[in-house]
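I have placed the structure first, in the form of structure tokens, so that the comments after it can refer back to it.
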């Protein structure tokens with residue numbers, strides 16, 4: 001998703017600009033007063049809702065009817081205009097803001113208690129003395145354990161206003177009595193930069209999972225630290241990054257492009273264009289840059305990849321990206337809900353739209369594009385990527401690029417069949433690795449007390465016994481008979497990486513995974529060859 005980083009108030013009863021007004025009028029700050037004046041189409045919908053509300057033989061929740069109506073309208077516009085119900089808006093807004101107010105813990109609702117996986121480093125819980133493995137039983141005297149732990153109740157009790165306190169009562173193994181901690185709620189970051197470290201002596205690595213309000217600051221901090229460590233080259237990993245705020249992507253692209261280079265331009269329904277150029281700001285304009293993308297890299301991720309590719313800057317590595325070239329603006333609907341409405345298209349510097357085709361708004365074919373790529377063999381052989389010669393463009397240095405459905409990489413890397421195994425991915429989605437590792441750590445955390453992060457990453461080995469235990473664990477919970485003979489090493493690596501995450505941090509997880517990641521290894525290889533071969 002690409003969204004403009006601004007919010008324009010929009011007050012209506014329950015509908016949208018496409019034509020639904022229930023008991024009110026839309027109000028865009030940048031439109032004329034009569035843009036949404038009453039007309040017969042809107043009156044028809046108003047009357048229908050009123051008839052159902054007052055005359056229908058049974059009681060009907062007209063709010064739900066309006067939700068269905070709004071979704072129906074948006075689904076027929078394009079695949080990315082969407083309605084956000086009131087109950088989801090706060091969570092989504094919080095995620096895109098990049099922080100929330102809370103006590104700073106990662107936890108599992110484990111069995112019948114809240115088990116702390118790890119307190120946030122430097123966060124209020126860590127400062128108060130909360131430790132990994134603690135079970136939180138009470139918050140201000142209210143019970144937080146039992147067979148059915150309500151997530152809404154947890155949020156209500158553990159989060160709150162900034163600088164307010166919550167008294168936690170905790171069970172800790174080895175302690176004869178329950179422990180009590182007064183924890184002051186603070187702003188807790190939701191990290192966009194999952195990892196940043198040195199792959200080689202001169203090649204840094206940054207992985208980002210989205211483009212939130214805080215992402216540029218996180219990115220810049222990580223880049224500065226890597227440059228201090230000697231990074232003259234950078235691998236920016238945007239795989240599986242679905243996008244976010246357009247302005248943040250522009251800022252990051254600006255770090256790599258020389259002054260006055262075109263980053264992108266947008267065009268609305270009236271044909272009005274807005275162009276964004278690189279500024280004098282930019283701390284990595286001379287360094288080698290590698291952008292890692294895959295079929296799930298979308299929107300803002302594609303903005304960066306397209307801007308660099310079209311300016312003959314850096315090397316795009318991986319597989320064809322998702323193909324989203326539409327820009328949304330979020331607009332409040334006055335009742336706590338909102339709509340993200342597509343307001344323009346964006347184009348890369350050469351003038352190409354990378355939006356993949358769609359018909360009649362959202363449809364199954366559009367969302368099942370991954371299955372099509374899998375079926376045609378595109379994910380394993382670049383010769384199977386279908387291009388449209390009518391959408392051919394040329395960069396300033398003569399490189400041919402294509403529009404019409406994603407960014408095609410300069411260097412193709414096929415999908416890792418071992419890592420992308422369907423069974424392994426299922427186990428990861430189900431959380432089995434995390435739960436299993438937590439239980440193993442919970443038996444005796446002192447085993448790892450004197451192992452440093454560096455020593456763990458480079459020297460620790462997961463035993464065959466642990467892999468067998470995991471296999472038994474999975475089969476008991478899934479009531480299946482899965483064996484890991486075919487992908488024993490992948491299971492071993494994921495167990496080790498998950499251990500590292502729970503013992504240390506996300507950075508440790510990525511360092512372990514990337515040791516065998518074929519795309520990362522390809523970038524390391526490219527960085528040792530003739531530099532900037534695309535520009536030469």
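Read-outs throughout are calculated quantities, based only on the coordinates presented, and are distinct from any laboratory measurement. Values in this document were obtained by computation on a predicted structure and should not be read as measured data. Neighbour counts are summed over all protein chains in view; Cβ atoms, including those assigned to glycine, are modelled from backbone coordinates with ideal geometry.
Some observations on this one:
- In the stretch 99-189, the C-alpha radius of gyration followed by the widest Cα-Cα span (Dmax) gives 11.9, 36 angstrom.
- Ordering of 441-454, 515-528, 335-348, 271-284 by burial proxy (mean other Cβ atoms within 10 Å per residue, highest first): 335-348, 515-528, 271-284, 441-454
- Mean residue ellipticity at 222 nm, helices only, the chain: -10000 deg cm²/dmol; runs of at least 4 DSSP H residues each add -39,500 (n - 2.57), and the sum is divided by the number of residues.
- Volume per residue that the Cα convex hull of the chain spans, once the total is divided by residue count, Å³: 197
- Length-normalised contact order of the chain in % [C-alpha pairs under 8 Å, at least 6 apart]: 14
- Among beta bridges from DSSP that stay inside the chain, the antiparallel ones total about 70%.
- Fraction of the pair-distance distribution of the stretch 422-516 above 24 Å, Cα-Cα pairs, percent: 17
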